[in-house]
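Data first, discussion second: the structure below is written as structure tokens.
The values are calculated or read from the model by the stated rules, or taken from the named source; none is laboratory data. Note that the structure is predicted; figures quoted are calculated from it, not measured. Using ideal geometry, Cβ is built from the backbone for each residue, glycine included, and neighbour counts are taken over all protein chains shown.
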Amino acid sequence: MSYFFQLVTSGIVVGSIYALSALGFVLIYKSSRVLNIAHGQIIASGAFITYALTVWMGIHIAVSFILSMIITFFLAMSVERVFLRRLIGEPIISVIMVTIGLMSIIDGIIYMTPFGSENFSFPEFLPKVPISFWGISISWTQMVGVVITFIMIGAFTWFFKASTVGISMRAVSDDQFASMSIGISVPKVFGLAWATAGLSAAAAGGIIGNITGLNFDVLHSFGIIVFPVVIVGGLDSIFGAVVAGIIMGLIQQFASGYLDGKWGLNGTADVLPYIILLIILLIKPHGLFGIHEIERV
Amino acid sequence: MAENRWLATGNFFTSYRAEQRIFLTNIDRLVFTCFLLLLFVWPLVFEVSNKYMLVIDTILIAIVAVYGLNLLTGFAGLISIGHAAFVGVGAYTLATFARILGSDHVLLTHYWPLMILLAGGVGAVIGAIVGLPSLRLKHLYLVIATLSFQMIFQWTINFSRFYDQGQTIAIGRVFWFAGKVTRKQHYFFWYYVILLVVVVLGFAVRNLLRSKHGRCLVAVRDNDRAADAMGIHPGFTKVYAFALSGFFAGVAGALHAYLWRGVGFESFTLHHSISYLAMAIVGGLGTLVGSFFGPVAILMLELQVENIAEFVGHYFTAIGDVATAFRPLSFGLVIVLFLMFEPRGIANWWRITRTYFKLWPFRY
Amino acid sequence: MKNKQVTFMLVGLSFLLMLGFSAQALAGETYPIALSLAITGPTSDVGSPYSKGVEDYCKYVNDEKLLGDDKLECFIRDDGYKTEVTKRNFEDFLDEKIVFYLNYSTGSTMAMRKDFDEEKIPTLPASFHAGNLVDSTYVFLPISSYSSQAVGLAEYVAANHKGSGKPKVALFLHPSAFGRAPRDDVKKAIAAGLNIDLVEIVEHGKDLDNTAMLQRFKSKGVQYVISQTVQPPVATMLKGAQSLGMIAKTYGEAGKITFLGCHYAGGPDLIGLAGSAAENYYWTTSYKLMTAPGPGTDAQLALAKRYGRDEKVAQSQNYTNGIMVVQVAVEAMRRAKTKGKKVTRASLYEEMLAMNGYNAFYPLTTVGPVTFSKTDREGVDTLQLYVAKDGVFHELGLPFASEYVKKIK
């Protein structure tokens, strides 16, 4: 039975990290209706910036973690300014494709740094002994990751619920013209959405980098891995991202825990999320918590 | 028909039939025929290295695949980032035969035109099945549904023992009237086969778009509710678009398998799906000529960048990483620049150039 | 707007029409060889130092005139781990009349076996998959195959197991042809009498968390995990195991897990990724390691220094790997020249096959001689076990060769 609970715990841990990674998609989509496929690359950049600050500049990891979030905040904002500002109002395929192009560009830039083809690992700063209770164990790295995730998610939820800027962002997502007419600067809101997404990506990158070590392939593939999470949760729901993240984390853990190695199956954790995704979409076409858009002819 | 059939200085159509002609003027037809002749004759005149023949063959195959994607995304407005998986379906149809019957079975080596058609058929069936979610899903959610198909396809191939877990499954050399196609003739032979396929399917697409079966795709793209009101069944049309696209992809997959003499899952990954999409966009979505320009541009670009990267790496060895970074960087930049400055793709340049010559010596 | 469009159009067109550059240095007789590998894309962490090894050693051969007046010309091209690009590169190399070819990935080697045979060109891939040799005659493996490595490790486990009963072993594999290469051979070796209990075979995905898997191993009593994959997943697993306190402090410690790995599942880079979790990791390869001083390692460090490589590259076993394959190619050329033969594909192939017995080749960078013959196209047959202590891999014992691999052939 403790094996089962271990799977549940690991699933929740992994799931909340997925949720944090998925948050970036939701933040951008919520206000600007753009699906940023290059998000994985931004996650990787965040992780690399954190590493560079910590190891090369010798800043304490907690400080560099926050610094990297700030740097990525502005990086993402400028990405929006340079590449996406021009495309406001273009068809959705153009916008998706621009983010795909962006993915290649960031790839190229990262290949110019040592991070492109070399492996690194963060200095260890947490106790190596895991937290254990009832035969279940979680590593400190993961625990800290989960705590940061929930702080971030809580902060963003509050931000959208209560702060003026957050509310204006929600207004833009609801109706761009109406919000323009009451004096909200729509381009600014878009920039801000990207910036906050960059911030969350840097946080996710820092956490994932601590768990897996820094390998570019592993880090940027996270952009693709969390797609099912984003979609199942509904593209515009933060709460949905959390729920779907945890669901997917659990599914993956149960799949690799109970299915792999039996009946000749292997690697089911990689494909099961997509199958579940398809099933959920067939029942609820806008994900679990996505807003059903009303279309007019 | 009173108007001059050689020159058209403006729009003088008197019937819908006239507007729907494949070639508007006889000059168009003449130029096109000459160009086609040129395509068939040039390899006989010039000596081309295997590498370039391979590149050209690859481009032609990509054109076949992009026909399908363009129909789906450009004309029917359904974005797919799983197109490489459809191509893979075609290729793996052949691989299935190769696994059961052996790579040099008569069916594969002698009846290859049949196999290519069959691969297209299987592609169409799978396409229709994958298209089913489009009955309920729209926009980004549909995009992700096609992504799911891509992932499920990759996983299935990669973990099934039958397909040797994604390792290359060999396909034998084919025979034709003059016996076995040898290594020397291989790329040459397939150039003609694929060129023929490209031409035939190109006409097929052109004609499809002249008929109601093509126009219904555009109607659904522009507004599916309005199309519904006009008596077009949007759900059926979407599934049909997926099936069409699957057919082209399947044919491309079979050609791929024959050209590379093997099927390995690495040729049908998400990366390739993205490449196809990039080709369609750079070429020009929703235009037939775009399907030609896109693959040519993207694949030539890749080649040129490789050459330049090598050249740079040769002289500035210290910045070797910069040279390798060049490829993703340029690929990304080309897509982004096109979308920002020329969202209608190279097809639009083609239109501008054509108009210029048509109106010459006047400016408008 | 119109003007902008036209400018953009012209820039685009001129770029497309720009002809490829070709830089060729002509001097006396040149022997072109070529390498196509993944400097970008998946496994680029391996490919990057590998290509530098090849490049540097080629330069070294020319600078030191190891081939007399003749020169080695080396084409290195990135294929991004894509088989199609590899094949295109190969066709291009053929037009350059290459006499020797270096390939990289398992996938492309398997896919192009037939081409190598048809072209009759000796080929050394960076993939040590035993399957490369099946149905082919011109592919040579530089060192022992993955199967030999994994079976060799399993033998080591069987011989050195401390507890009672059969040692319980799990395999941790990459989900690809490369990872699965040794799976069936390990099973065969067990059937042939190898005294281990293979409890589970795991093909890993992109998991963030291996806790469940490790706990499962523990509950099944697994004491040894043999990895055949690339470094990042191993690092994730080791970090997970470390945080669960599962890594054995000494070899075979009861109730803990001892981790072992084949060539690409270890090396100095793994320590870079996993940090202190890599401590007590057992790893095997046929290459000499920079941390074990000797004439070969001195030469390699000097080479890296001479061509301005940083320490990380110089220390990598994949840099050694790259150097070694060129060494073999150059040695074959030298032998052909001494015998007064023209350096061609055919003569090089003959020389490769003659590398055995008294004619075995000792490249200094490996732990044993390179031997090839008609029946044995695996190069270095011996393996060296290394163990990570204090952040460095140390030699453990003498080079050994797997016995069961011979039995199951």
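For every residue, the table says whether it meets (1) more than 10 Å from every other protein chain (Cβ to nearest Cβ); (2) surrounded by 23 or more Cβ atoms within 10 Å (Cβ to Cβ); (3) outside any helix (DSSP H, G or I).
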residue	(1), (2), (3)
C:PHE172	yes, yes, yes
C:LYS187	yes, no, no
C:GLY193	yes, no, yes
C:GLU200	no, no, yes
C:ARG216	no, yes, no
C:GLY221	yes, no, yes
C:ILE226	yes, yes, yes
C:ALA235	no, yes, no
C:TYR251	yes, no, yes
Practice problem: Answer yes or no: is there a residue in the range C:196-218 that is in contact (Cβ under 8 Å) with a residue 60 or more places away in the chain and more than 17 Å from the chain's Cα centre (by Cα). | Solution: no
Practice problem: Would you list the helices (runs of 4 or more DSSP H) that sit entirely within the range A:173-268 and hold 3 or more residues that are over 30 Å from A:PHE120 (Cβ atoms)? | Solution: A:176-181, A:186-212, A:227-233, A:238-254
Self-check item: Residue match in the range A:135-156 (condition: in a loop (DSSP other than H, G, I, E, B), surrounded by fewer than 16 Cβ atoms within 10 Å (Cβ to Cβ), within 10 Å of chain B (Cβ to nearest Cβ) and not charged (D, E, K, R))
Solution: no
Quiz item: Among the residues of the range A:26-40, which ones are at the interface with another protein chain (Cβ under 10 Å from one of its Cβ atoms) and either outside any loop (DSSP other than H, G, I, E, B) or modelled with pLDDT of 90 or more (or both)?
Solution: A:TYR29
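Every residue, every condition in (1) at pLDDT below 85; (2) over 28 Å from A:GLY116 (Cβ atoms); (3) surrounded by fewer than 23 Cβ atoms within 10 Å (Cβ to Cβ); (4) more than 11 Å from chain B (Cβ to nearest Cβ), yes or no:
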site	(1), (2), (3), (4)
C:LYS2	yes, yes, yes, no
C:VAL6	yes, yes, yes, no
C:MET9	yes, yes, yes, no
C:PHE15	yes, no, yes, no
C:ALA23	yes, no, yes, no
C:GLU29	yes, yes, yes, yes
C:PRO32	no, yes, yes, yes
C:THR40	yes, no, no, no
Quiz item: Taking A:ALA204 and the conditions (1) modelled with pLDDT of 85 or more; (2) surrounded by fewer than 23 Cβ atoms within 10 Å (Cβ to Cβ), which numbered condition does it fall short on, given that it satisfies the others?
Solution: (2)
Self-check item: Single residue of A:SER168, A:SER68, A:SER132, A:SER94 found to be within 14 Å of chain B (Cβ to nearest Cβ) and of a type outside the set (A, V, I, L, M, F, W, C)
Solution: A:SER94
Quiz item: If you take the residues of the range C:42-94 that are out of contact with any helix residue (DSSP H, G or I) (no Cβ under 6 Å at 6 or more places or on another chain) and small (Gly, Ala, Ser), which of them is surrounded by the fewest Cβ atoms within 10 Å (Cβ to Cβ)?
Solution: C:GLY68
Self-check item: Evaluation of B:GLY235 against (1) more than 29 Å from A:ALA38 (Cα to Cα); (2) surrounded by 21 or more Cβ atoms within 10 Å (Cβ to Cβ) (one fails), failing number
Solution: (2)
Quiz item: Do you know which of the residues in the range B:121-138 that are without any contact (Cβ under 8 Å) to a residue 24 or more places away in the chain and farther than 13 Å from B:PHE236 by Cα is surrounded by the fewest Cβ atoms within 10 Å (Cβ to Cβ)?
Solution: B:LYS138
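Let's see how each residue does on (1) of a type outside the set (Gly, Ala, Ser); (2) farther than 24 Å from B:LEU94 by Cβ; (3) surrounded by fewer than 24 Cβ atoms within 10 Å (Cβ to Cβ):
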{"site": "B:PHE268", "(1), (2), (3)": "yes, no, no"}
{"site": "B:MET279", "(1), (2), (3)": "yes, no, no"}
{"site": "B:GLY286", "(1), (2), (3)": "no, yes, yes"}
{"site": "B:VAL296", "(1), (2), (3)": "yes, yes, yes"}
Exercise. Please note which strands (runs of 3 or more DSSP E) are completely contained in the range C:331-409 and include at least 3 residues that are buried (at least 20 other Cβ atoms within 10 Å of the Cβ).
Key: C:378-380, C:383-389
Exercise. Considering every residue within the range C:98-107, establish whether at least one is closer than 20 Å to C:GLU350 by Cβ, in the same structural domain as C:LYS337 (by TED's automatic domain parsing) and of a type in the set (Ser, Thr, Tyr).
Key: yes
